[in-house]
Amino acid sequence: MSTPATAHPTKRDQAERAMRHSWFPVARSADLETPQSAVLLGERLVVFRDGSGTARVTARRCPHRGADLSQGVVNDGSIGCPYHGWEFDGADGTCTRVPSLADQSRIPSRAAIRAYPAVERFGHVWTVLEKPVVELYDPVEWRDRDLVWLAADPLDSPTGVAAAIENFRDVAHFPFVHKVSMGPTPEVVEPLEVRRDGVDVFMERRLDASSGDWAAQGDCLMSYHCSAPGFASISYHYEQAGLRVVAGFPSPVSYEQVRIFWGVANERDFKGDSLEECLRVEEMVYLEDMPVVEHLQPREVPWDAEVPEFSVPADLFTLNYRRAFGELMNRTERLLAGEHTPARN
Ligand code: FES
Ligand code: CO
């Protein structure tokens with residue numbers, strides 16, 4: 001018999017648990033010249049690059065007297081506290097030095113901080129709080145492509161991860177929210193062909209050059225790919241220019257607050273606009289979304305049907321993303337049930 005983590009978890013509980021077992025970005029790689037502070041699902045973290053160049057993520061609170069390690073300095077493999085100089089190893093969190101001690105063998109043995117996995121990908125540093133339920137995103141459509149990333153300034157929004165992803169990949173809002181950046185776009189949404197595979201959702205749309213500025217680089221095939229909980233991307237396959245990409249990674253500061261890390265990438269030999277220009281255009285689009293999305297009620301997808309919602313065929317991608325998130329919740333519950341099952345011979 002397995003024992004669920006709580007007797008009757010709500011879907012919201014399950015969503016929160018699933019996210020604790022999922023990878024999220026906590027800093028941009030380009031910002032790691034100094035230690036960066038981050039908050040992931042309420043956990044206060046410091047992200048830094050150690051002396052060998054490896055990105056590290058640890059708890060931010062010094063266990064001596066509670067100073068903030070993001071104000072500290074890096075010494076080889078360790079982060080040093082700004083207050084009394086205690087040093088903690090970035091790989092495993094052990095205390096490696098207490099400057100006030102004449103004899104370093106007398107470091108309190110339990111004086112350690114928690115260290116988390118850290119992986120750099122898509123111009124960002126990613127971490128996961130608990131044993132991951134799925135691997136870090138590695139979209140099949142990018143695997144044999146040489147993509148050069150430019151990470152944008154992160155955006156803060158008082159919404160949940162799923163609400164942020166749904167906005168990123170919604171297509172019916174273009175003629176209302178993106179009139180300025182995209183120009184006139186059709187209100188009627190064609191039948192969407194959406195495919196879900198486990199926690200991944202895919203859709204393709206065609207964009208022709210006659211649809212204005214938005215398609216200035218000619219006809220293209222847009223491949224949408226979302227992955228639960230926090231990955232959304234569009235790959236623009238231009239017939240002439242090559243591949244360019246925009247991707248959003250909302251990271252939950254708390255259940256109802258995200259820091260949206262995001263970026264653009266071009267194939268190394270892309271023949272269209274520069275990365276900086278792509279970023280400028282996509283940022284204009286994002287900034288149009290923000291004022292609408294930050295007033296959504298509730299702030300996160302109502303997993304427990306706590307408010308009524310109505311859907312139409314234009315919501316097909318969104319609905320599949322919700323199923324993908326549901327699949328992630330189920331996998332997380334199974335993972336936890338397995339962990340709580342006593343080992344048997
Ligand atoms: Fe960190 Fe004292 S508070 S070393
Ligand atoms: Co939008």
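The values are calculated or read from the model by the stated rules, or taken from the named source; none is laboratory data. Computed from a predicted structure; not experimentally measured. Cβ coordinates were reconstructed from backbone atoms using ideal geometry, including for glycine residues, and neighbour counts include every protein chain displayed.
Condition check ((1) free of Cβ contacts under 8 Å to residues at least 40 places away in the same chain; (2) among the basic types (Lys, Arg); (3) more than 30 Å from VAL264 (Cβ to Cβ); (4) surrounded by fewer than 23 Cβ atoms within 10 Å (Cβ to Cβ)) across all residues:
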| residue | (1), (2), (3), (4) |
| --- | --- |
| ASP13 | yes, no, yes, yes |
| PHE24 | no, no, no, no |
| SER29 | no, no, no, yes |
| LEU41 | no, no, no, yes |
| ARG49 | yes, yes, no, yes |
| ALA55 | no, no, no, yes |
| ARG65 | yes, yes, yes, yes |
| GLY77 | yes, no, yes, yes |
| ASP89 | yes, no, yes, yes |
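If you go through the stretch 239-286 and keep only what is over 17 Å from the mean Cα position of the chain (by Cα) and of a type in the set (Phe, Trp, Tyr), you end up with just PHE270.
Considering the conditions (1) under 18 Å from the mean Cα position of the chain (by Cα); (2) surrounded by fewer than 19 Cβ atoms within 10 Å (Cβ to Cβ), ARG17 is excluded by exactly one of them, (2). For the stretch 134-144, does any single residue satisfy the condition of being within 16 Å of ligand 2 (Cβ to nearest atom), over 24 Å from LEU32 (Cβ atoms), modelled with pLDDT under 95 and surrounded by 14 or more Cβ atoms within 10 Å (Cβ to Cβ)? No, the stretch 134-144 has no match at all. Of ARG17, ARG114, ARG12, all but one fail to be in contact with a Ser or Thr (Cβ under 6 Å, 6 or more places away or on another chain) and on the phi < 0 side of the Ramachandran plot; the exception is ARG17. Note on the stretch 244-273: among residues that are at pLDDT below 95 and not charged (D, E, K, R), the one that is surrounded by the most Cβ atoms within 10 Å (Cβ to Cβ) is PHE270. Of the residues in the stretch 204-215, at least one is within 28 Å of the chain's Cα centre (by Cα) and either within 19 Å of VAL312 (Cα to Cα) or at pLDDT 95 or above (or both). For the stretch 288-312, a tally of residues being within 16 Å of ligand 2 (Cβ to nearest atom), more than 16 Å from ALA232 (Cβ to Cβ) and either modelled with pLDDT under 95 or of a type in the set (Val, Ile, Thr) (or both) returns 1. In the stretch 103-116, the residues that are assigned to a strand (DSSP E or B) reach residues that are exposed (fewer than 15 other Cβ atoms within 10 Å of the Cβ) and among the charged types (D, E, K, R) with C-beta atoms within less than 8 angstrom, at least six apart or across chains, in these pairs: ALA112/ASP92; ALA115/ASP92. Each residue in the stretch 296-340 was checked for being in contact with a helix residue (DSSP H, G or I) (Cβ under 9 Å, 6 or more places away or on another chain), free of Cβ contacts under 8 Å to residues at least 12 places away in the same chain and aromatic (Phe, Trp, Tyr), and 0 pass.
Out of curiosity, is VAL161 of a type in the set (Val, Ile, Thr), crowded, with 16+ Cβ neighbours inside 10 Å and modelled with pLDDT of 95 or more? So VAL161 fits the description; yes.
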